[in-house]
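Dropping a structure here in structure tokens format, bear with me for questions.
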Amino acid sequence: MSTEDNYEAILEGCRSGKILVVAACLIEAGKNKDDLIKKKFTSCDGEIYSPFLAAVRNGHARLVNLLLEKFEVKPGDHFGTLNFDGYLIEHVSPLWCAAACGNLPIVKSLLEFGAEVNETTSSNSTPLRAACFHGNLAVVTHLMENGADPNITNKYKNTCLMVSSYCGNLEVVEYLLKQNIDFDKQASCGGTALHFACESNRLACVKALVSAGCSINIKNKSNLTAGMVAADSCRTDVIEYFTKLDGVNTETQIMLLELLGTSFANDKECYDLNKTYHYLFLALLLRQKEHIEKEVMPPVSAYNNRRECQTIGELQKIADKQDAIHMEALIVRERILGVTCPELVHPIVYRGAVYADGLQFNRCIGLWKRSLQLRQLNERAAHNDLLRFAEVFSQMILLGERIDTADLLIVVESCITELKRAQRDIDIRKQVVAAMKTPSPEKELTPQDLCKKFELQEKCEHCGLIKEIEEVEASVSSAWNRIKVNLSTFLYLTTIVCKVTSNPDDLHQFGKLIYRYLKNEIRDDKGNSLLHMAVSSNTHVDDFHVKDVCQFPNADTAKFLLDCGANPNARNLKGNTPLHIIVQYDKPISDFITLHRIIMHLLNQGAHYDVSNGERKTPLELSTTGVAEVIVKTQTQVTLKCLAARAIRNHSIPYSGKVPSFLNEFIDMH
């Protein structure tokens with residue numbers, strides 16, 4: 001039998017638990033047996049494992065024990081990537097795998113033969129955490145008795161108690177509560193085990209945690225206590241339990257009832273206006289009984305300038321008015337959570353979407369402007385909100401609905417703000433990465449030094465800001481994605497402006513905004529400007545409704561951008577100008593007018609037809625059809641300075657430092 005056939009037999013034998021086959025093949029392999037049992041197999045769905053790890057995964061305890069005892073397999077040599085509950089888990093040890101599968105005999109064997117009890121996956125998950133997640137108390141107990149540390153957290157700072165509480169594994173929760181652990185330890189999100197139990201509606205675990213002394217007053221990073229998380233998640237049983245606790249005062253009881261009521265009004269899965277009214281009514285009864293007045297919030301136009309109900313009588317008047325109840329819920333929710341709470345926005349967006357589905361576009365836009373305002377007020381990413389506006393504006397165009405210029409202006413300006421913030425984040429993080437890779441000659445900069453120097457927003461447990469270079473590089477990638485999404489949205493919005501705006505004064509207003517934006521020179525990660533995207537057939541549009549309104553290349557959008565000051569000779573990372581892009585348009589006959597108009601707009605605004613890209617190709621040389629070539633040739637005249645610049649480049653004549661500095665860039669282009 002060949003070595004490869006032998007390996008296949010061993011792998012299949014470990015998968016199916018054929019002890020004699022595996023043993024025979026390993027004996028036949030002789031001195032190569034260690035290499036064969038360690039050799040990794042990669043499946044089509046991304047799993048990577050050795051035959052030994054396959055035996056562990058499939059629960060073949062006798063085979064695993066044989067391999068450990070007779071063939072001296074070392075558990076530490078068999079890490080892999082496995083799929084659990086639909087997720088690929090990297091750097092999985094055999095012990096983690098056995099614990100996740102709840103196989104106590106294999107767990108015992110692995111520990112007996114030297115498996116590291118606290119070995120972690122790539123996300124810093126321990127075997128104990130895996131057992132806690134799946135709720136196997138016997139495995140949890142055995143791991144703890146063999147030195148497992150329940151205080152090790154995963155990369156999100158989630159503890160074993162948190163995951164057990166979230167999954168509702170009461171026996172495991174009760175066991176962990178008897179161990180030497182911090183019940184109130186907070187995860188990266190600020191939540192405690194009690195927060196997680198409340199969120200997932202695990203009432204029995206909630207009771208066990210509270211009885212053990214877990215604090216009900218700790219707030220997460222959204223400024224929510226565990227009770228508020230339960231109310232926000234429509235967990236009625238948990239709220240009823242909280243409102244009866246001795247340590248909960250009347251004001252807190254009222255707040256929880258009010259928040260619970262508002263959640264039922266704007267939750268897609270738990271929508272129930274009767275419950276909204278019921279809990280708001282109970283809260284007002286309690287206010288009336290204890291003589292506790294409401295704080296009056298200033299009216300908000302997005303909520304129809306409604307004033308929140310102050311008495312039971314006022315609430316009864318709107319009992320059968322759905323729209324009024326919806327607005328009441330949003331007002332109450334904003335009063336309780338405050339405008340800085342990130343959880344505030346979701347129901348506002350949802351209610352706006354419901355209005356959009358009902359073609360009540362003014363109501364939708366009013367609410368979405370509020371959500372956009374709240375996100376940007378707190379400097380939170382708003383790219384999804386902006387894209388929603390592009391979608392609803394496109395839908396209005398298709399239905400012949402009028403778009404208010406003031407609304408469009410607000411959204412365009414907000415998109416520019418979002419782009420500038422994303423660009424700022426990229427610039428700062430690039431500096432951080434460079435500083436981390438090239439320490440100061442005077443002294444080595446610590447993460448704390450860098451945090452202070454660049455004033456980043458991300459939090460870490462040491463200094464309140466960034467900690468690892470990989471995290472910063474990942475955030476750069478995230479910021480590039482934000483720029484990509486927002487550039488596309490800004491292009492859609494600019495196209496919509498061109499379609500719906502005819503008033504010269506309005507066009508002037510939009511023009512000033514775009515002119516200011518263009519001064520920032522914001523590009524995507526390939527160096528493409530907004531003008532590059534406007535003239536490219538590769539600018540893909542697949543968003544709902546938007547694709548029926550915005551198609552590219554687009555001559556009107558390109559002209560508007562050029563009129564606003566877009567650089568016709570801007571070059572992307574490949575050295576291509578917008579003219580390089582458009583001359584490669586593959587529909588020169590069916591869409592001749594677009595091709596002709598864009599080329600003419602570019603040439604009229606000073607585009608150079610003889611600019612070379614990174615491969616020393618000019619637009620003329622890149623023309624994929626004779627049509628584009630003819631248009632360019634018939635509409636341009638060669639200038640003496642262009643000929644001179646090309647001659648200098650073609651003959652490699654040194655020019656840097658020998659010509660005026662303003663000519664360097666001009667010669668570089670050619």
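The values are calculated or read from the model by the stated rules, or taken from the named source; none is laboratory data. Given the structure is predicted, the values throughout are model-derived calculations rather than measurements. Here the Cβ positions follow ideal geometry from the backbone for every residue, glycine too, while neighbour counts run over all protein chains shown.
Just a yes or no: is a residue in the range 78-91 in a helix (DSSP H, G or I) and at negative phi?
At the first step, the residues of the range 78-91 found to be in a helix (DSSP H, G or I) are none.
No, there is no match, as no residue in the range 78-91 is in a helix (DSSP H, G or I) and at negative phi.
Within the range 407-424, does at least one residue satisfy the condition of being part of a loop (DSSP other than H, G, I, E, B) and out of contact with any Phe, Trp or Tyr (no Cβ under 7 Å at 6 or more places or on another chain)?
Filtering the range 407-424 down to residues part of a loop (DSSP other than H, G, I, E, B) leaves none.
No: the range 407-424 contains no residue that is part of a loop (DSSP other than H, G, I, E, B) and out of contact with any Phe, Trp or Tyr (no Cβ under 7 Å at 6 or more places or on another chain).
Give the residues of the range 48-77 that are assigned to a loop (DSSP other than H, G, I, E, B), over 36 Å from the mean Cα position of the chain (by Cα) and within 16 Å of LEU104 (Cβ to Cβ), sorted by residue number.
GLY59, HIS60, listed by residue number.
Something else about it: Within the range 75-92, track down each residue that is without any contact (Cβ under 8 Å) to a residue 40 or more places away in the chain, surrounded by fewer than 18 Cβ atoms within 10 Å (Cβ to Cβ), over 21 Å from CYS25 (Cβ atoms) and not aromatic (Phe, Trp, Tyr).
Passing the criteria: ASN83, ASP85, GLY86, GLU90, HIS91.
Among the candidates GLU72, GLU119, single out the residue that is surrounded by fewer than 21 Cβ atoms within 10 Å (Cβ to Cβ), out of contact with any Cys (no Cβ under 7 Å at 6 or more places or on another chain) and under 21 Å from ASN6 (Cα atoms).
On inspection, the qualifying residue turns out to be GLU72.
Continuing with this model, one more query. Just to be sure, is GLU343 of a type outside the set (A, V, I, L, M, F, W, C) and assigned to a helix (DSSP H, G or I)?
So GLU343 fits the description; yes.
Can you name every residue in the range 244-301 that is surrounded by 20 or more Cβ atoms within 10 Å (Cβ to Cβ) and touching a Ser or Thr at 6+ places or on another chain (Cβ under 8 Å)?
Scanning the range 244-301 gives GLN253, LEU256, LEU257, LEU260, GLY261, THR262, SER263, PHE264, ALA265, THR276, LEU280, LEU284.
Let me ask something additional. Which residue, of GLY352, GLY366, is of a type in the set (Gly, Ala, Ser), at pLDDT 95 or above and within 24 Å of the chain's Cα centre (by Cα)? Talk me through it step by step, then tell me what you get.
Details: GLY366 fails: within 24 Å of the chain's Cα centre (by Cα).
Selected residue: GLY352, the only one of GLY352, GLY366 that is of a type in the set (Gly, Ala, Ser), at pLDDT 95 or above and within 24 Å of the chain's Cα centre (by Cα).
What number of residues in the range 302-352 are crowded, with 17+ Cβ neighbours inside 10 Å, within 20 Å of LEU372 (Cα to Cα) and aliphatic (A, V, I, L, M)?
Residues meeting the conditions: 12.
For TYR515, are the conditions met, namely being in a helix (DSSP H, G or I), among the aromatic types (Phe, Trp, Tyr) and surrounded by fewer than 20 Cβ atoms within 10 Å (Cβ to Cβ)?
Details: in a helix (DSSP H, G or I): yes; among the aromatic types (Phe, Trp, Tyr): yes; surrounded by fewer than 20 Cβ atoms within 10 Å (Cβ to Cβ): yes.
Spelling it out, TYR515 is indeed in a helix (DSSP H, G or I), among the aromatic types (Phe, Trp, Tyr) and surrounded by fewer than 20 Cβ atoms within 10 Å (Cβ to Cβ).
Name the single residue, out of those in the range 581-598 being within 38 Å of the chain's Cα centre (by Cα) and of a type in the set (A, V, I, L, M, F, W, C), that is nearest to PHE560 (Cα to Cα).
Restricting to residues being within 38 Å of the chain's Cα centre (by Cα) and of a type in the set (A, V, I, L, M, F, W, C), the top hit is ILE598.
So, one more: Looking at the range 232-334, what helices (runs of 4 or more DSSP H) fall wholly within it and have at least 2 residues that are under 24 Å from HIS346 (Cβ atoms)?
Values: elements: 236-243, 250-265, 273-290, 312-317.
Here the list reads 236-243, 250-265, 273-290.
CYS214 is checked against (1) over 23 Å from ILE348 (Cβ atoms); (2) buried (at least 24 other Cβ atoms within 10 Å of the Cβ) and fails just one. What number does that condition carry?
(2) is the only condition that CYS214 fails.
Next up: Being aliphatic (A, V, I, L, M), part of a helix (DSSP H, G or I) and modelled with pLDDT under 95, is that true of even one residue in the range 462-472? First the steps, then the outcome.
In the first step, residues of the range 462-472 are kept if they are aliphatic (A, V, I, L, M); the result is 465-466, 469, 472.
Among the residues that remain, those that are also part of a helix (DSSP H, G or I) are: 469, 472.
From what is left, the residues that are modelled with pLDDT under 95 are 469, 472.
Yes - at least one qualifying residue is present in the range 462-472.
Hey, can you tell me all the residues within the range 324-373 that are closer than 15 Å to VAL300 by Cα and among the acidic types (Asp, Glu)?
Selection gives GLU328, GLU334.
Another question about this same structure. Can you tell me which residue within the range 15-39, out of those that are loosely packed, with under 15 Cβ neighbours inside 10 Å and either of a type in the set (A, V, I, L, M) or in contact with a strand residue (DSSP E or B) (Cβ under 7 Å, 6 or more places away or on another chain) (or both), is nearest to HIS78 (Cα to Cα)?
My answer is ILE27.
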